[in-house]
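So the structure is just underneath, and the comments pick up after that.
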Amino acid sequence: MDVDAYGYTHRRSWARLDELATKRRLTGQEVDELLARYRLTSQQLARLQQHSPDPELVAGLSAVLTRARGRVLRTRSDNWAQVGRFFTHRFPAAVYRAWPWWASVTLLFLAVATGVAGWVAGSGSARRALGLPSDTSHLTDAGGAFESYYSEHPNDAFAAQVWTNNALVAAVALFTGALILPAVYVLVMNAVNVGVSGGLMADAGRLDAFFGFILPHGMLELTAVFVAGGAGLQLGWTIVDPGRLSRIEAAARQGRATATIALGLVLVLFVSGLLEGFVTPSGWPAPLRIGVGLAAEIAFLAYVFGPGRRAAAAADRKALAS
């Protein structure tokens, strides 16, 4: 091997690796470049050690790789720090900023569900209009379909199934919000389904069982769906009325906030799935099960209106100062 020629050919690549290794901040593209050059230079050093006795070149390249290795490890730590910042700042702040939208969705959902439940419970014509059978005891009786739904599958498998299903509902509500009407339709139909179940259980005199089974997981689960629907509708309205920004700029900014909410809700729905898979079908007394669900709901709201509000305010102050 001609060591001088080899060194001359690759010296710019090695210098670039050393530059990236000592740079204070790296962009995502530079991180990828650092990792690629680090792997390539490691292979080149191994080749030199096999074919060249030049200790000066080997030592110099080893020093570059040592600095690069430290930067790679620090970059990985920075990535974990970014994950932590996402859940302590970006996600709760985005949910907090959108709260008027998802609070409105919450009120609309509860109004529709309550209205449908009252209609179904107090009127036989409601059943006919909705195509429901006159005898629904298979659903409403103790141990019937409403209750057995939560215990007919193994807990872990059921939790995974619920997580997937809820994530799909939230995603549809979130990403069809840009078109507004499809998101409204999805939310209203889910409210109707909840109202029908509640109405049938109330008509059977088993409203206590309805709330005992739906509230432990449903408070957090439905809140996640409301947040998704509200964020989606906010995105859709931003496209309709972009304010002082151009439509493209406003949509891009709100789209980033919507994507942040979508990513964070994956964890929220995971927690609600665990509640539905393990707490709701447990043999615990209903007050205890509801208490666990209420604690999870209060924790989420405190997270949004505590750290989320502070993170949003800090970001606003930083934007005004810049």
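Quick notes on this structure:
- Scanning the stretch 259-274 for residues that are touching a helix residue (DSSP H, G or I) at 6+ places or on another chain (Cβ under 6 Å) and open to solvent by 30 Å² or more (accessible area, probe 1.4 Å) turns up PHE270, LEU274.
- Residues within the stretch 303-322 that are over 13 Å from PHE91 (Cα atoms), of a type outside the set (Asp, Glu) and open to solvent by 60 Å² or more (accessible area, probe 1.4 Å), tallied: 6
- Residues satisfying the stated conditions in the stretch 275-291, i.e. part of a helix (DSSP H, G or I) and either surrounded by fewer than 19 Cβ atoms within 10 Å (Cβ to Cβ) or of a type in the set (Asp, Glu) (or both): GLU276, PHE278, ALA286, PRO287, LEU288, GLY291
- If you go through the stretch 244-258 and keep only what is open to solvent by less than 70 Å² (accessible area, probe 1.4 Å) and either aromatic (Phe, Trp, Tyr) or in contact with a helix residue (DSSP H, G or I) (Cβ under 9 Å, 6 or more places away or on another chain) (or both), you end up with LEU245, ALA250, ALA251, GLN254, GLY255, ALA257, THR258.
- Residues (out of contact with any Asp or Glu (no Cβ under 9 Å at 6 or more places or on another chain) and not in a helix (DSSP H, G or I)) located in the stretch 137-151: ALA142, GLY143, GLY144, TYR149, SER151
- Verdict on GLY205 being under 18 Å from ALA145 (Cα atoms), open to solvent by 50 Å² or more (accessible area, probe 1.4 Å) and not in a helix (DSSP H, G or I): yes
- Any hit, the stretch 72-88, residues being farther than 24 Å from VAL279 by Cβ, at pLDDT 90 or above, open to solvent by 30 Å² or more (accessible area, probe 1.4 Å) and part of a helix (DSSP H, G or I): yes
- Filtering the stretch 27-61 to residues that are within 19 Å of VAL72 (Cβ to Cβ), open to solvent by 40 Å² or more (accessible area, probe 1.4 Å) and not small (Gly, Ala, Ser) leaves THR27, GLN29, ASP32, GLU33, LEU35, ARG37, TYR38, ARG39, LEU40, GLN43.
- ARG16 passes every criterion in (1) open to solvent by 70 Å² or more (accessible area, probe 1.4 Å); (2) part of a helix (DSSP H, G or I); (3) of a type in the set (Lys, Arg) apart from (1).
- The stretch 174-201 residues that are under 21 Å from VAL266 (Cα atoms) and of a type outside the set (Asp, Glu), paired with ones that are open to solvent by 10 Å² or more (accessible area, probe 1.4 Å) and part of a loop (DSSP other than H, G, I, E, B) (beta carbon under 7 Å, 6 or more apart): ALA183/THR176; VAL186/THR176
- Every test in (1) of a type outside the set (Gly, Ala, Ser); (2) in contact with a Pro (Cβ under 7 Å, 6 or more places away or on another chain); (3) surrounded by fewer than 20 Cβ atoms within 10 Å (Cβ to Cβ) is passed by ASP141 save one, and that test is (2).
- Residue within the stretch 97-111 that is under 30 Å from VAL31 (Cβ atoms), modelled with pLDDT of 95 or more and either of a type outside the set (Lys, Arg) or surrounded by 15 or more Cβ atoms within 10 Å (Cβ to Cβ) (or both) present: yes
- Screening LEU107 on (1) within 22 Å of VAL225 (Cβ to Cβ); (2) touching a residue at least 40 places away in the same chain (Cβ under 8 Å) shows it passes everything except condition (2).
- Of the numbered criteria (1) surrounded by 14 or more Cβ atoms within 10 Å (Cβ to Cβ); (2) touching a Ser or Thr at 6+ places or on another chain (Cβ under 8 Å), the one TYR185 fails is (2).
The values are calculated or read from the model by the stated rules, or taken from the named source; none is laboratory data. Only a predicted model underlies this, so the values are computations on that prediction, with no experimental measurement involved. Please note: Cβ atoms are built from the backbone with ideal geometry, for glycine as well, and neighbour counts cover all protein chains shown. These area figures cover heavy atoms from the full protein model, side chains too; ligands, DNA and RNA do not enter into them. Shrake-Rupley method; radii C 1.70, N 1.55, O 1.52, S 1.80 Å.
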